[in-house]
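The values are calculated or read from the model by the stated rules, or taken from the named source; none is laboratory data. Bear in mind that the values here come from a model prediction, so they are computed numbers and not experimental data. Neighbour counts are summed over all protein chains in view; Cβ atoms, including those assigned to glycine, are modelled from backbone coordinates with ideal geometry.
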Amino acid sequence: MNDVAIIGIGLHPFGRFPKSAIEMGADAIHLALADGKIEWKDIQFGFGGSYEVSNPDAVTRLVGLTGIPFTNVFNACATAASSIEQTAEAIRSGRYDIGIAVGMDKHPRGAFTDDPAKLGLPGWYAENGQFVTTKFFGIKANRYIQDHGISQRTLAKIAAKNIRNGVLNPNAFRRKPIAEDDILNSAMLNYPLTQYMFCSPDEGAAAVIMCRGDIAHRYTSNPVYLRSTAIRTRRYGAYEVHSTWAAVDEDVSPTVYASRAAYEAAGIGPEDVDVIQLQDTDAGAELIHMAENGFCADGDQEKLLAEGATEIGGRLPINTDGGLIANGEPIGASGIRQVYELVLQLRGQAGERQVPGNPRVGYAQVYGAPGTAAATVLSL
């Protein structure tokens, strides 16, 4: 398999801004070009992802009408990971030498809701009040902590850790620490998840430039290599965020399959990973994804959190930039934000939140409703 190198990264801050999503996307592209010391005319193709913007390819109007092929992508919260995979595979195929993946979104306040038909769900999902994302997250987290003897306070520890990491990240949405007790005692939204255990849909953009691994030295002396990506959907009966109404024959998340495939393709295991980005739409999601991605056994999370293993200086640093809980989630950009953070960490450029010990392998995972998971492995 041909190597693919990441040679430029750009991130528009996440939050709320008086500009359009496409304008934020253009800003992210310019930052990635500057980071890689590359000109837009050198970019041969692009993939762009968004939930709110129907035509993210329009970003080319703001950065340069050079006639490149540009494909729009949407895959729920796995949108950005999908655009990264498609960009990498186009380079691996030999069709192109250098391309860009960009994501952008501008979401209104409040929980994600939508037309159930868009996700292949029956109308009664909305009619009886089930089509609320926070409800499903709460049900899933509650079942998990009950099954594995995990306390609600552990969920507060996860949220507090991510918000604390966000304080160190100038691009994060939430940048004020919140104590565990305050998180635990904040408004109950869907038990066991309180207000500050959730991320917020918000606004932002991110971009990553990739090229053939054998020409990366032309652009940078410190390339980071995209070793593998894997995307998987549910198998019959798996109960996930927007559940199937079929009988539960196999209750295994697609994250498990995506994770295994990514590790196998990269030739590593979870024990080789130095810095981790996990989908933390809520604190329960990070808790569950720790096990689904192979970083611990089900039920071991409480002990790991208590001993500080997932802190920036711990042996399993997770969501060092604050994750979704601190950054919020503009869907099209979120997975590229994860890769942006991993590249900074592997380059040793993460500043106050730099993982000690010269990390060499990074791992990112996202999960999108109604059941699409993606995993990505990066290394020096």
Taking ALA58 as the residue in question, decide whether it is under 17 Å from ILE209 (Cβ atoms) and assigned to a helix (DSSP H, G or I).
-> no
Scanning segment 16-33 residue by residue, the ones that are within 21 Å of the chain's Cα centre (by Cα) and more than 11 Å from LYS106 (Cβ to Cβ) total 6
Strands (runs of 3 or more DSSP E) completely within segment 265-380 that count 3 or more residues being over 16 Å from the mean Cα position of the chain (by Cα), under 20 Å from THR255 (Cβ atoms) and in contact (Cβ under 8 Å) with a residue 12 or more places away in the chain = none
Mind checking which residues of segment 53-73 are without any contact (Cβ under 8 Å) to a residue 60 or more places away in the chain and either within 23 Å of the chain's Cα centre (by Cα) or under 25 Å from ALA369 (Cβ atoms) (or both)?
-> SER54, ASN55, ASP57, VAL59, PHE70, THR71, ASN72, VAL73
Per the list (1) assigned to a loop (DSSP other than H, G, I, E, B); (2) over 29 Å from ILE163 (Cα atoms); (3) modelled with pLDDT of 95 or more, residue check on SER186 breaks on (2)
Could you please let me know if ILE215 is closer than 18 Å to ARG337 by Cα and either in contact with an Asp or Glu (Cβ under 8 Å, 6 or more places away or on another chain) or not hydroxyl-bearing (Ser, Thr, Tyr) (or both)?
-> no
If we scan segment 82-105, do we find a residue that is among the charged types (D, E, K, R) and at pLDDT below 90?
-> no
Can you work out which of the residues in segment 193-217 that are more than 23 Å from the chain's Cα centre (by Cα) and either in a loop (DSSP other than H, G, I, E, B) or hydrophobic (A, V, I, L, M, F, W, C) (or both) is farthest from ARG95 (Cα to Cα)?
-> ALA216
Under the condition of being out of contact with any helix residue (DSSP H, G or I) (no Cβ under 6 Å at 6 or more places or on another chain) and not in a helix (DSSP H, G or I), which residue from segment 143-172 is surrounded by the fewest Cβ atoms within 10 Å (Cβ to Cβ)?
-> GLY149
Selected residue [over 27 Å from GLY94 (Cα atoms), at pLDDT 95 or above and part of a strand (DSSP E or B)] from PHE47, PHE14 = PHE14
Answer with yes or no whether LEU31 is part of a helix (DSSP H, G or I) and surrounded by 18 or more Cβ atoms within 10 Å (Cβ to Cβ).
-> yes
